[in-house]
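Take a look at the structure set out below.
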Amino acid sequence: MLKDIRFWAGSAFAVAVIFLACWLPGKFVVPVLMYHSIGIAGTERDRANTVSPGSFDRQMRFIKESGYRVLTVDEYVEITRSGGRFPPKSVVITFDDGLLDNFTNAYPVLIKYGIPSAMFVPSAYVGQVNSGWGQPQMSWDQLRAISAHGVTVGSHTSTHRYLPEISPDAARGQIVDSKAVLEGKLGRRVDYFAYPSGGFSEGIKAMVREAGYKAAFTTNRGEDRSNRDLYELKRIRPKDTDGSIVLWMKLSGYYNLIRDAQNPY
């Protein structure tokens, strides 16, 4: 009897291992990290969107020393579009809001470790202090400098409006005008877009596509856990307190499986 129990237990374990070995690879998603402020949080509200310079350096060093391949947004989108195979341990680094501390605190670390990234910028706030965040934004000269050295500059609308709450005409203006302004000022194509606060709809996705963007990034919004839809690419938010184990989980490629899908609107 005991021998039979051991046999069936062993068989069940073997079947489970085989199932996971076949099922998990199809669920792998290249992690796209999403940062905002790289500084010191001034208020409790800021804390969720702030990673200290020391923690950011530690996280980038972990990625570099652990052998991760940091893809440019162009590489990531092209492999996704073509259905190709990603290099092992791939990851993408992005930033939202165009804050000055991305230039002063994050950019030198990215240069130090040779890590490419993308920064999504509200075009109307360049060189200003945004009243919503109370933080200064990068200038046009700073954006030109980083775009020449491993940073892809993308659009985050003109004035960071939450697109599902405004009229279709206003949303289209935010999407189209920001692209035109950024391209004119930077002298480069702007191919990528990030939805403010991650909010989108099928109509908004269509506007982004029609405006000529190659892809658009959200937060943890929408139902596409596998990131096959280029216009609702989910991202993962690292936290200031993330240690090596938590960061490893977020970089594993399976983190989307344990997150609750959020309404895109």
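Only the coordinates and a few stated rules stand behind these numbers; no lab work does. Quick caveat, the model's predicted, so the values are computed rather than measured. Neighbour counts are summed over all protein chains in view; Cβ atoms, including those assigned to glycine, are modelled from backbone coordinates with ideal geometry.
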Could you check what % of the DSSP bridge pairs in the chain are antiparallel, to the nearest 5? 10
Taking H placed 1.01 Å from N in the peptide plane, check which residues at least 5 places from R69 or on another chain put their amide H under 5 Å from its amide H. S90, V91
For F95, distant residues with modelled amide H under 5 Å away: Y35, A118, M119, F120
Express in nm, to one decimal, how much length is gained between A124 and D141 on full extension, taking 0.36 nm for each residue of separation and deducting their alpha carbon distance. 4.6 nm
Do any chymotrypsin sites (Phe, Trp or Tyr not before Pro) in the stretch 28-91 lie in a DSSP loop with no more than 11 other beta carbon atoms within 10 Å, and if so, which? none
List the residues whose amide H sits under 5 Å from the amide H of Q135, counting only those 5 or more places along or on another chain, with H placed 1.01 Å from N in the peptide plane. N130
Additional length obtainable on full extension of the chain from W248 to S167, 0.36 nm per residue less Cα span: 25.1 nm
Using the Karplus curve 6.51 cos²θ - 1.76 cosθ + 1.60 with θ = phi - 60°, what ³J(HN,Hα) values do you get for each residue of the stretch 249-261, in whole Hz, with x for Gly and Pro? 4, 5, 8, 5, x, 10, 5, 4, 5, 9, 9, 6, 5
Per 0.36 nm of contour for each residue apart, how much would the distance between T159 and A48 grow if the chain were fully extended, relative to their Cα-Cα spacing? 37.8 nm
What FRET efficiency comes out for the pair R188/I111, r = Cβ-Cβ distance, R0 = 22 Å, nearest 0.05? 0.70
Quickly estimate the mean residue ellipticity at 222 nm for the chain, helices only: each DSSP H run with n ≥ 4 gives -39500 (n - 2.57), and the total goes over all residues, rounded to 500. -11500 deg cm²/dmol
In Hz, Karplus ³J(HN,Hα) per residue of the stretch 172-186 (6.51, -1.76, 1.60; θ = phi - 60°; x = Gly, Pro): 4, x, 4, 6, 7, 5, 5, 4, 5, 5, 4, 5, x, 6, 8
Between (1) 38, 23, 18; (2) 29, 19, 18; (3) 36, 22, 17, which matches semi-axes √(5λ) of the Cα gyration tensor in Å calculated for the structure shown? (3)
Residue-ordered couplings for the stretch 208-225, obtained by feeding phi - 60° into the Karplus form 6.51 cos²θ - 1.76 cosθ + 1.60 and rounding to whole Hz (Gly and Pro as x), are 4, 5, 5, 6, x, 6, 7, 6, 9, 10, 10, 9, 10, 9, x, 9, 7, 6
